[in-house]
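Enquirer: Before I ask anything, let me first share the structure, which is written out below as C-alpha cells.
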Amino acid sequence: MNERDINVIDMDFFRKVFLKYTKKAFQLIPIIKNPKILDIGCGTGIPTIELARLSGGEIIAMDINTKDLQILDQKIKKKKLSNQIRIVNASLLKNKFDKNSFDLIWAEGVFHIIGFEKSFDASQRILKKMGYLVLNESIKKISPYLHDIDKFGYIKYKTLQSSQGVWWDEFYKPLEKEINRLLDDDPKLINNAQIRRYRREISMVKSNPKEFDTAFYILQKV
C-alpha cells in the first residue's frame, strides 16, 4: 500500500467523544423490551456497540463500506457480541428488509448524505408503526424538512441539541493538535491522504464552528 493511502490516525479514538450524546438520546426513548434496531451507516461501529450495551436488543449494523464493516466485525468478535450484532453490507435505499421490521432506526450523520426525502421514505417503510427514528444531523441542513415531517409519516417526539460548537471543541480541535504532532514528527505526512482530508475539514469548521452544530432528532412513525 502506498504510504499516502495509509490511515495514520485512529479516528475511533476521536469519535468516541460523541458517545455521551448517543447515550442521552437513547435514554429519551421509551423503554422497548428486546428491541430490534437498525443502525444505518454504522461505519466501524462506535454507536453500534453502545446501542447494543444500552438496549440489550438485536442490532443490525448496516453500511456500504466493506473496510469499515471488517473493522466492526473484529470488534464484535473481540467483545463477544456476535449473538447480538449482525452486520449487513447494504444501503438504506437498497436492502432486503421486510416492511415494519424494526422497533428503532438509528442514523448518525447519514440522511443528509443519502438525501433527506429519500431517507425518510425508505426508513418509514421498514420501521414498525409507533417505532422511533433517531437522527443525528446538522441543525442547518435538517431544519427545512422538520416543518412538515408529517408528510413522511412521522411526528416530532423529542430533540437533544449537542453543545454549541461541539464539533470544533470536542472533535476537530483535538484532531488538529494530533495532526500537528504527527507532522512535527514526520513532515512527509503532509502528503498523506487521511491527513490532507482532515486538514481541509478542520479549516472549514474552524472558520465558523456554529455552522456545524448538530442535534439528535427523535421522530415517531404514526
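Enquirer: Sort out which residues of segment 83-95 are surrounded by 16 or more Cβ atoms within 10 Å (Cβ to Cβ) and not in a loop (DSSP other than H, G, I, E, B), and write them in order of number.
Expert: Here is the first cut: in segment 83-95, the residues surrounded by 16 or more Cβ atoms within 10 Å (Cβ to Cβ) are 84-85, 87-88, 92, 95.
Within segment 83-95, 85, 87, 88 meet the criteria.
Enquirer: Here is a list: 20, 80, 36. Which entry is at pLDDT 95 or above, out of contact with any Lys or Arg (no Cβ under 8 Å at 6 or more places or on another chain) and at positive phi? Give the steps one after another, and end with the answer.
Expert: Values: 20 fails: at positive phi; 36 fails: at positive phi.
Checking each option against the conditions leaves just 80.
Enquirer: Please go through segment 126-145 and give me each residue that is within 21 Å of residue 30 (Cα to Cα) and either at pLDDT below 95 or part of a helix (DSSP H, G or I) (or both), ordered by number.
Expert: Selection gives 126 alone.
Enquirer: Here is a further query. Could we say that residue 189 is in a helix (DSSP H, G or I) and over 19 Å from the mean Cα position of the chain (by Cα) here?
Expert: Yes.
Enquirer: Just to check your reading of the model, which residue among 68, 98, 73, 103 is assigned to a strand (DSSP E or B) and at pLDDT 95 or above?
Expert: Unique residue meeting the criteria: 103.
Enquirer: To continue, here is another question. Name the single residue, out of those in segment 149-174 being of a type in the set (Ser, Thr, Tyr) and free of Cβ contacts under 8 Å to residues at least 40 places away in the same chain, that is surrounded by the most Cβ atoms within 10 Å (Cβ to Cβ).
Expert: The residue in question is 172.
Enquirer: Of all residues in segment 26-61 being part of a strand (DSSP E or B) and out of contact with any Pro (no Cβ under 7 Å at 6 or more places or on another chain), which is farthest from residue 135 (Cα to Cα)? Walk me through it before giving the result.
Expert: Restricting attention to segment 26-61, the residues satisfying the condition of being part of a strand (DSSP E or B) are 36-40, 58-61.
Filter once more, so that each one left must be out of contact with any Pro (no Cβ under 7 Å at 6 or more places or on another chain): 36-38, 40, 58-61.
Working: 36: 17, 37: 13, 38: 12, 40: 10, 58: 19, 59: 16, 60: 16, 61: 15 Å.
Looking at the filtered set, the residue picked out is 58.
Enquirer: Does residue 113 count as at negative phi, touching a residue at least 12 places away in the same chain (Cβ under 8 Å) and either surrounded by 14 or more Cβ atoms within 10 Å (Cβ to Cβ) or not charged (D, E, K, R) (or both)?
Expert: yes
Enquirer: Looking only at segment 39-57, count how many residues are within 30 Å of residue 198 (Cα to Cα) and either hydrophobic (A, V, I, L, M, F, W, C) or modelled with pLDDT under 95 (or both).
Expert: Looking only at that region, the number is 6.
Enquirer: Could you check how many residues of segment 192-220 are under 20 Å from the mean Cα position of the chain (by Cα) and either in contact (Cβ under 8 Å) with a residue 12 or more places away in the chain or assigned by TED's automatic domain parsing to the domain that holds residue 147 (or both)?
Expert: Adding up the residues that qualify gives 17.
Enquirer: List pairs: first in segment 126-145 and touching a residue at least 60 places away in the same chain (Cβ under 8 Å) and at negative phi, second part of a helix (DSSP H, G or I) and surrounded by fewer than 17 Cβ atoms within 10 Å (Cβ to Cβ), Cβ under 9 Å, 6+ apart or cross-chain?
Expert: Matching pairs, first to second residue: 137/112; 138/112; 138/211; 140/211; 142/112.
Enquirer: Follow-up question, since we're still on this one. Kindly indicate which of 129, 177, 118 is surrounded by fewer than 14 Cβ atoms within 10 Å (Cβ to Cβ) and in contact with a strand residue (DSSP E or B) (Cβ under 9 Å, 6 or more places away or on another chain).
Expert: 129
The values are calculated or read from the model by the stated rules, or taken from the named source; none is laboratory data. Here the structure is a predicted model, which means the values were calculated and not measured. All Cβ positions, even for glycine, are placed from backbone atoms using ideal geometry, and neighbour counts span all protein chains on display.
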